[in-house]
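> Below is a structure I'd like to ask you about.
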Amino acid sequence: MKLKSLVGILSVVLFVMSCQDEPIPKPKAKIRLEYPQGKLADLETENFSFKYNQLAVAKLNGDKAYTISYPEMKGAIFLSYKKVDNNLEQLINDSKRLSYEHAVKADNIVEQPYVNPDEKIYGALFEVQGNAASQSQFFVTDSVNHFLTGSVYFYTKPNYDSILPAASYLQNDIRGIIETLRWKN
């Protein structure tokens, strides 16, 4: 009986001594992904030219299809050029349809028109928000001869919260491509 009493008293003393410090909750941590601003490099083709981020790797993938890869982000911007041959409306509709096919998985699609009449560049950038396969799509044209489309894809399962910093970075690079784009005759 003395042993049980001694064990009981010892347990109570240890319990009281162990609860003297107030627990301090840990602050919520968020991963911070920062990507460096790269210098600009020129991409010249027979139909157009533009400046792109030098941290990326640009290559020709076939007849008038290009990839601008971002190995550190495990993503890429895919570009495709087509000549306009009395089919501008069809090209624009196909580009928009491709963008809105992601609506099934997307939370929202924001269409941002782009107009630069001095350089004859007209188009739109589609920002896809949510767990869609592509986070951005765009098309630009001069409305007469040239039509360029592009899309962003990551080499991973889409998880919008995780890839948002990289997706925003590539959207800014797309804006840079559109703003520096020049058609060749």
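> So in the range 158-185, with the set limited to residues that are in a loop (DSSP other than H, G, I, E, B) and more than 13 Å from the chain's Cα centre (by Cα), which one is surrounded by the fewest Cβ atoms within 10 Å (Cβ to Cβ)?
Asn185
> Here's something else I'd like to know. Could you give every pair whose Cβ atoms fall below 6 Å, whose first residue belongs to the range 103-121 and is at positive phi, and whose second residue is not in a strand (DSSP E or B) and not aromatic (Phe, Trp, Tyr), counting only separations of at least 6 or pairs across chains?
Final answer for the pair search is Lys120/Asp142.
> Ok, one more. Give me a count of the residues in the range 129-145 that are within 19 Å of the chain's Cα centre (by Cα) and in a strand (DSSP E or B).
The total comes to 9.
> Kindly provide the set of residues from the range 144-162 that are touching a strand residue (DSSP E or B) at 6+ places or on another chain (Cβ under 6 Å) and of a type in the set (S, T, N, Q), ordered by number.
Selection gives Thr149, Ser151.
> So is Arg175 charged (D, E, K, R) and touching an Asp or Glu at 6+ places or on another chain (Cβ under 8 Å) or not?
So Arg175 does not fit the description; no.
A short reminder: the numbers here are calculations on the coordinates, not readings from a lab. What you see is a predicted model, and the numbers here were worked out from it, not measured in a lab. Don't worry about glycine lacking a Cβ; one is built from the backbone with ideal geometry, like all the others, and counts go over all protein chains shown.
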